[in-house]
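Every number in this text was worked out from the coordinates using simple rules, so none of it is lab data. Here the structure is a predicted model, which means the values were calculated and not measured. Note that each Cβ is placed from the backbone with ideal geometry, even for glycine, and that neighbours are counted across all protein chains shown.
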């Protein structure tokens with residue numbers, strides 16, 4: 001059974017930044033960062049609610065589903081130039097990029 005995720009984007013620039021939230025979180029938790037990133041010209045900010053988080057309904061969630069979501073966005077929407085992940089989201093970004101063999105220009109991880 002396929003899993004659906006809700007994905008969001010702001011801006012329409014050529015450079016793509018993907019935001020991956022942490023465990024039990026949602027894309028909108030990056031609100032303040034999104035507002036600041038929108039001040040940069042030629043940027044598109046992409047974020048998603050991982051399965052079982054935020055507005056993406058699922059009976060279960062785990063690190064590999066997070067990574068699968070990142071991979072799906074990279075393969076089906078846009079290859080990100082930069083990835084920013086909080087906590088589990090940072091780990092998911094690393095796994096997805098390793099599995100895809102697609103090195104980003106910049107990879108950032110954060111923890112509060």
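Going from the fewest other Cβ atoms within 10 Å to the most, the residues 48, 60 appear in the order 60, 48.
Structural descriptor for the chain: relative contact order 30 percent, calculated from alpha carbon pairs under 8 angstrom and at least 6 residues apart. With both residues required to sit in segment 1-56, DSSP beta bridges show an antiparallel share near 55%.
Using a 10 Å cut-off around each Cβ, can you sort 42, 29, 49 from fewest to most neighbouring Cβ atoms? Mind dumping the intermediate values first?
Numbers: 42 9, 29 18, 49 22.
Arranged by neighbour count, lowest to highest, 42, 29, 49 become 42, 29, 49.
Projected label points at residue 40 and residue 58, each 7 Å from Cα along the beta carbon direction, are separated by 2.7 nanometres. Mean-square fluctuations from a GNM of the chain, with a 10 angstrom spring cutoff on Cα atoms, peak among 11, 90, 101 at 101. Beta-bridge orientation, segment 6-110: approximately 30 percent antiparallel, per DSSP, counting only bridges with both partners inside.
When the helix-only estimate is applied to the chain (DSSP H runs of n ≥ 4, each -39,500 (n - 2.57), divided by the residue count), what is the mean residue ellipticity at 222 nm, nearest 500 deg cm²/dmol? Please report the intermediate quantities before stating the final value.
Values: 3 runs with 34 residues, N = 112.
Rounded to the nearest 500, it is -9500 deg cm²/dmol.
To the nearest ten degrees, helix 63-76 and the longest principal axis of the Cα atoms of the chain are 50 degrees apart. Mind running the shape call on segment 6-110? Use the C-alpha gyration tensor, a ≥ b ≥ c as the square roots of the eigenvalues: rounded below 1.5 for a/c, prolate if a/b tops b/c, oblate otherwise. Verdict is oblate for segment 6-110.
Most exposed first by the Cβ proxy, i.e. fewest other Cβ within 10 Å, how do 86, 79 rank? Don't skip to the answer; put the middle values down first.
Values: 86 20, 79 12.
Fewest-to-most Cβ neighbours within 10 Å comes out as 79, 86.
In the chain, the longest principal axis of the Cα atoms and the axis of helix 88-100 are about 90 degrees apart.
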